[in-house]
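Worksheet for the structure shown next.
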Amino acid sequence: AVALELLFSLVGLVIALDKFLKYLEVLAASYEAHPDRPVDLLHPTVIIIAMLFGVPLCFRASSIVAALLDGYYCNMCASGLASIVFEKALLLPIGEAPADEDLEGKGALDADNAEANR
């Protein structure tokens, strides 16, 4: 999806315009060579509709798909990381806090924590 987005955004419309202008040049050369033949305008109309409207439409669709995939994978990574942190928190001992050197001896709870951390 990301490769299609890059393809349509960088070169898609340029290729569509190039094909359309080349066909108009061929049509003009054909009209100059055979002025008595009627000019067929159905083919350039189909080219305009298919390429000049279809390429930007495909670009927008592939851009939306790329954004949706980005959100999906971001959600998967964030939930995976959150579950790993939660499992790590479950493995920690209950009531154990890191020892603060400044707070030791100021209360019974702090003394218990200081003893448990040694």
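For segment 27-48, which positions are hydrophobic (A, V, I, L, M, F, W, C), modelled with pLDDT of 85 or more and either open to solvent by less than 90 Å² (accessible area, probe 1.4 Å) or within 34 Å of the chain's Cα centre (by Cα) (or both)?
Of everything in segment 27-48, those that are hydrophobic (A, V, I, L, M, F, W, C), modelled with pLDDT of 85 or more and either open to solvent by less than 90 Å² (accessible area, probe 1.4 Å) or within 34 Å of the chain's Cα centre (by Cα) (or both) turn out to be 27, 28, 29, 33, 46.
Summed over segment 59-68, residues that are open to solvent by 60 Å² or more (accessible area, probe 1.4 Å) and without any contact (Cβ under 8 Å) to a residue 60 or more places away in the chain total 4. Looking at 14, 85, just one residue is within 21 Å of residue 3 (Cβ to Cβ), among the β-branched types (Val, Ile, Thr) and outside any loop (DSSP other than H, G, I, E, B), and that residue is 14. Hey, does segment 75-86 have a residue that's surrounded by 12 or more Cβ atoms within 10 Å (Cβ to Cβ) and modelled with pLDDT of 85 or more? No - not one qualifying residue is present in segment 75-86.
The values are calculated or read from the model by the stated rules, or taken from the named source; none is laboratory data. In this text, all values refer to a predicted model and were calculated from it rather than measured experimentally. Because the Cβ atoms are built from the backbone with ideal geometry, glycine has one as well, and the counts that use them run over all protein chains shown. Heavy atoms of the whole protein, side chains included, go into the accessibility calculation; ligands, DNA and RNA do not. Shrake-Rupley method; radii C 1.70, N 1.55, O 1.52, S 1.80 Å.
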